[in-house]
Amino acid sequence: MAEPEQSQFSRREAMAVLARAPEDRVLALFAASGLPEAATPLRGPETGLVALRGRIGGGGAAFNFGEATVTRASVKLPTGEVGHSYALGRAREKARIAAVIDALAQKPENRARVADAILAPLRAEQRETDGRRREETAATQVDFFTMTRGED
Amino acid sequence: MYVAVKGGEAAIENAHRLLADRRRGPRDVPALTLEQIAGQLALAVDRVMAEGSLYDAGLAALAIKQARGDMIEAIFLLRAYRTTLPRFGYSKPMDTGAMLVERRISATYKDLPGGQLLGPTFDYTHRLLDPDLAGDDMPEQPERREGAAEESRMPRVTEILAGEGLVEPDGALPDSTEPADITRTPPEFPQGRDARLQALSRGDEGFLLALGYSTQRGYARSHPFAGEIRIGEVEIELDVPELDFPVPLGRIRVTECQMINQFKGSAKAPPQFTRGYGLVFGQSERKAMAMALCDRALRAKELGEDVVAPAQDEEFVISHSDNVQATGFVEHLKLPHYVDFQAELGLVRQMRREFEERKQTSTVKEAAE
């Protein structure tokens, strides 16, 4: 059972990685994976709005503070699996392919290929981006020092 | 009096054609791409998203281009676009404590856990125009501090302070309360804090800035401290019927401001620090601060304070904070009012006649006496 930890994805994690990924990367990695694209559209791809909620004071009662565009799709594979995708933005082709990927990943024989060929590279790119941003921000941290006072 | 109102079709068509040409500018200069606007005028895009109340950088960039950089026109375009889309639902309340922080400062605590992170700020710049930017500038790569901890949460200053009870807790409403939605329900006054925050978050930055400033100058003085300002990306999740877990939608960038205000206490509440809250799309620090100042001022009644200043007057502030509504009503004055004006003109002529007659009569009388 020596599957590397890197390529384990729950369905939720897979959807998170796909939601954040740029459209061209999802399409390119899917095309390169050789996985079958055949699927019947059940819904969409369609773009709509999600009302975004925050919390008063950060942790208090919820309030609505704006909306965002969201694109979603649902598809059914010839073998019956149903896949869904949701992501901020208006990338319709990405939504369709992400739903196909979600459906394919439900078949045990596809799981490793979906993870290794598509999800793992995307997650690595996202971790790289986050890590770089964290390091760039960390470089702007103020390191306070106290000047020596005369009377000491 | 009847006034002809037909006509002008050709003039309108030609005006729009002229507008398109002027918008394009000199044709020997390359057209702006949306990527350039979103990437290099990012804070303009953030403002249009915030006041348009729609998070979509590509659409906001398009709106700015189409509006020739007129921000309120761009905001109007975005608001109009959102009415064409169906609503999929309400997200789960986002957790700003789990933000991937890009800037985080506190003016009240020097040594707060996680540190003071300046991020990409205009603060401490000299505000001298940089002639180098007139050309094709290519700044240095940002410095990186390696090994930055990959922590999942950065506690808010207000969480750190909560222990002593000297600062009021996060604003709570009864759990059963469904948050107000001003896009669905016409505003009624008095409003809940949830409805006010929704209105303030999309409110005009200039208007809220001026009101916030007025509270600092003594109109509803509230002795504010910037407890914390943080900017960064937060995850958005949505509950959907077809899946048994909240679906991750990706991240949005927001600015959050925790204003901490001196409060001497009232019959209802002990002396403690009270709070104002700001939450705005994108990197919009000035707006988030102004919003937090206004939120606190508008809590006057709740805290048993006298309502004596414009910034504390809920109906005044909320009814005039939306720049799309404001521009609609102000700019409608340009539309033909020929009939209205003819009627008023007739009225003024009549009043003038009567005025002259009265004057004449009194002069005659005086002469006779």
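Values computed for the structure shown
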read-out	value
All positions within the stretch A:85-96 that are under 15 Å from A:Leu18 (Cβ atoms), open to solvent by 10 Å² or more (accessible area, probe 1.4 Å) and not in a strand (DSSP E or B)	A:Gly89, A:Ala91, A:Arg92, A:Glu93, A:Lys94, A:Arg96
Listing of helices (runs of 4 or more DSSP H) fully contained in the stretch B:33-117 that carry 3 or more residues being over 23 Å from B:Ile182 (Cβ atoms)	B:34-40, B:42-52, B:57-66
Only listed residue being modelled with pLDDT of 95 or more and not hydroxyl-bearing (Ser, Thr, Tyr), chosen from A:Ala14, A:Ala38, A:Ala112	A:Ala14
Single residue of B:Val308, B:Val324 found to be over 26 Å from A:Ala51 (Cα atoms) and either over 15 Å from the mean Cα position of the chain (by Cα) or hydrophobic (A, V, I, L, M, F, W, C) (or both)	B:Val308
Criterion (over 22 Å from B:Arg79 (Cβ atoms), away from chain A (no Cβ under 12 Å) and basic (Lys, Arg)) met by exactly one of B:Arg193, B:Arg127	B:Arg127
Number of the condition not met by B:Pro169 [criteria: (1) open to solvent by less than 60 Å² (accessible area, probe 1.4 Å); (2) in a loop (DSSP other than H, G, I, E, B); (3) within 25 Å of A:Arg53 (Cα to Cα); (4) at the interface with chain A (Cβ under 10 Å from one of its Cβ atoms)]	(1)
Candidate set: the stretch B:245-284, residues that are within 10 Å of chain A (Cβ to nearest Cβ) and open to solvent by 20 Å² or more (accessible area, probe 1.4 Å); chosen: the one nearest to the chain's Cα centre (by Cα)	B:Arg251
Yes/no for B:Ala292 being within 12 Å of chain A (Cβ to nearest Cβ), in a helix (DSSP H, G or I) and buried (at least 20 other Cβ atoms within 10 Å of the Cβ)	yes
Only listed residue being in a strand (DSSP E or B) and either more than 17 Å from the chain's Cα centre (by Cα) or within 13 Å of chain B (Cβ to nearest Cβ) (or both), chosen from A:Ala99, A:Ala32, A:Ala73	A:Ala73
Checking A:Thr40 against (1) open to solvent by 10 Å² or more (accessible area, probe 1.4 Å); (2) closer than 20 Å to B:Pro246 by Cα; (3) among the hydroxyl-bearing types (Ser, Thr, Tyr), the condition it does not meet	(2)
Which numbered condition A:Val82 fails, given (1) within 12 Å of another protein chain (Cβ to nearest Cβ); (2) open to solvent by 20 Å² or more (accessible area, probe 1.4 Å); (3) closer than 27 Å to B:Met49 by Cβ; (4) without any contact (Cβ under 8 Å) to a residue 60 or more places away in the chain	(3)
Check on B:Ala10, open to solvent by less than 60 Å² (accessible area, probe 1.4 Å) and either more than 22 Å from A:Thr71 (Cβ to Cβ) or not aromatic (Phe, Trp, Tyr) (or both)	no
Top-ranked residue of the stretch A:45-65 - restricted to ones that are charged (D, E, K, R) and facing chain B (nearest Cβ under 7 Å), ranked as farthest from B:Glu237 (Cα to Cα)	A:Arg55
Leading residue by the ranking (nearest to the other protein chains (Cβ to nearest Cβ)) among those in the stretch A:20-29 that are open to solvent by 10 Å² or more (accessible area, probe 1.4 Å) and closer than 26 Å to B:Ala98 by Cα	A:Arg20
Any hit, the stretch B:334-342, residues being open to solvent by 80 Å² or more (accessible area, probe 1.4 Å), within 22 Å of B:Phe225 (Cα to Cα) and acidic (Asp, Glu)	no
Strands (runs of 3 or more DSSP E) enclosed by the stretch B:197-281 - at least 3 residues per element that are under 15 Å from B:Glu305 (Cβ atoms)	B:274-281
Top-ranked residue of the stretch B:40-70 - restricted to ones that are more than 14 Å from chain A (Cβ to nearest Cβ) and open to solvent by 50 Å² or more (accessible area, probe 1.4 Å), ranked as nearest to B:Ser321 (Cα to Cα)	B:Asp70
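The values are calculated or read from the model by the stated rules, or taken from the named source; none is laboratory data. Keep in mind that what you see is a predicted model, and the values were worked out from it rather than measured. Quick reminder, even Gly has a Cβ in these numbers, built from the backbone with ideal geometry, and neighbours come from all protein chains shown. We work out accessible area using only protein heavy atoms, side chains counted, and drop any ligands, DNA or RNA first. Shrake-Rupley method; radii C 1.70, N 1.55, O 1.52, S 1.80 Å.
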